[in-house]
Amino acid sequence: MELKIVWRYKYPKNTETIIFSSSGFMPVKTALAVGNDLEKTGRAASIEYIDEYETSWSIKEIKKWLKEKETEPEHVTAYFDGGFQESGCLSGQGILIYFKQNGSAYRLRKNAAMAEMTSNNESEYAALWLLADELEQMGVRDEKVNIKGDSKVVIYQMSGEWPCYESEHQYWADKIDAIFKRCSIRPQYTWVQRSENKDADSLALQAIEGKLIKAVKELID
């Protein structure tokens with residue numbers, strides 16, 4: 001979550017003249033520090049903290065949120081890929097999630113083999129849904145998540161750059177958006193070359209071959 005500060009500023013020795021001012025969005029701890037500095041100047045008639053959804057937060061609510069976030073996953077970057085074989089209509093989905101929690105860095109690897117896929121694009125969408133579902137199960141909340149994949153169709157349709165006319169794509173997109181809304185996750189979609197997504201691709205192929213994987217590894221520098 002990021003916050004902006006909206007405050008009413010009063011000129012020195014003039015309690016009647018007040019102007020409104022607003023900052024850009026900044027990390028929560030930075031916003032609290034800036035707000036604290038404003039209070040110390042004695043020039044702020046009032047200070048309000050606003051999130052990206054235009055919801056107002058009190059200092060008490062922000063401190064409670066920070067306490068809860070201490071044990072939740074954060075700084076999340078994730079990759080997804082879907083594979084599809086027309087012969088037999090076999091499909092596989094692979095995801096990797098890099099995150100930090102309790103001061104340590106981790107990588108989660110997972111795949112799945114979903115039935116009744118109709119195309120490679122639908123399998124890619126199913127992989128993104130698998131990723132969203134895993135983020136919810138992990139307890140990711142109020143986070144900006146960097147999501148990377150090599151499917152231009154999925155990345156550009158989900159980011160709103162391309163229209164989504166296909167009913168099967170819209171079905172998965174709605175399910176994915178519903179998860180992100182529940183968890184207050186703000187996805188940042190980035191298209192990458194297949195060479196940058198080879199680990200997720202490998203997991204998808206392994207799922208097609210019947211090798212299902214879920215593993216979490218702590219990353220040591």
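Pairing residues of segment 169-187 that are within 18 Å of S119 (Cβ to Cβ) with residues that are assigned to a strand (DSSP E or B) and not acidic (D, E), at Cβ distances under 8 Å and at least 6 apart in sequence or on separate chains, gives no pairs at all. Listed by first and then second residue, the pairs with beta-carbon distance under 8 Å, at least 6 apart or on different chains, first residue in segment 58-86 and within 25 Å of L219 (Cβ to Cβ), second surrounded by fewer than 12 Cβ atoms within 10 Å (Cβ to Cβ) and of a type in the set (S, T, N, Q), are E70/N102; T71/N102. Which of the residues that make up segment 86-102 are of a type outside the set (A, V, I, L, M) and at pLDDT 85 or above? Residues satisfying the conditions are S91, G92, Q93, G94, Y98, F99, K100, Q101, N102. Summed over segment 206-221, the residues that are closer than 15 Å to L131 by Cβ and open to solvent by less than 100 Å² (accessible area, probe 1.4 Å) give a count of 3.
For segment 39-60: of the residues being closer than 14 Å to E2 by Cα and among the charged types (D, E, K, R), which is farthest from the chain's Cα centre (by Cα)? The qualifying residue farthest from the chain's Cα centre (by Cα) is E48. Residue count for segment 114-142, restricted to those that are out of contact with any Phe, Trp or Tyr (no Cβ under 8 Å at 6 or more places or on another chain) and surrounded by fewer than 20 Cβ atoms within 10 Å (Cβ to Cβ): 10. Filter segment 133-167 for residues that are of a type in the set (F, W, Y) and either modelled with pLDDT under 95 or touching a Ser or Thr at 6+ places or on another chain (Cβ under 6 Å) (or both) and give the result. Within segment 133-167, just Y165 meets the criteria.
Name every residue in segment 158-177 that is open to solvent by less than 40 Å² (accessible area, probe 1.4 Å) and either more than 18 Å from the chain's Cα centre (by Cα) or more than 20 Å from G94 (Cβ to Cβ) (or both), in order of residue number. I'd like the intermediate steps shown before the answer.
Let us first name the residues in segment 158-177 that are open to solvent by less than 40 Å² (accessible area, probe 1.4 Å), namely 158, 164, 169, 172-173, 176.
C164, H169, listed by residue number.
Checked against (1) in a loop (DSSP other than H, G, I, E, B); (2) without any contact (Cβ under 8 Å) to a residue 24 or more places away in the chain; (3) in contact with a helix residue (DSSP H, G or I) (Cβ under 9 Å, 6 or more places away or on another chain), T118 passes all but a single condition, namely (2).
In the condition set (1) part of a helix (DSSP H, G or I); (2) open to solvent by less than 30 Å² (accessible area, probe 1.4 Å); (3) more than 27 Å from F25 (Cα to Cα), L108 is compliant with all but (1). Looking only at residues of segment 186-205 that are modelled with pLDDT of 95 or more and open to solvent by less than 50 Å² (accessible area, probe 1.4 Å), we find that the one that is farthest from N121 (Cα to Cα) is P187.
Note on segment 55-73: among residues that are of a type outside the set (S, T, Y) and farther than 23 Å from Q101 by Cβ, the one that is most open to solvent (accessible area, probe 1.4 Å) is K60. Looking across G42, G103, G24, one residue alone is in contact with a Pro (Cβ under 9 Å, 6 or more places away or on another chain) and without any contact (Cβ under 8 Å) to a residue 24 or more places away in the chain. It is G42.
The values are calculated or read from the model by the stated rules, or taken from the named source; none is laboratory data. Owing to the predicted nature of the structure, the values given are computational and were not obtained by experimental measurement. Quick reminder, even Gly has a Cβ in these numbers, built from the backbone with ideal geometry, and neighbours come from all protein chains shown. Just so you know, the surface numbers come from the protein's heavy atoms only, side chains and all, with ligands and any DNA or RNA stripped out. Shrake-Rupley method; radii C 1.70, N 1.55, O 1.52, S 1.80 Å.
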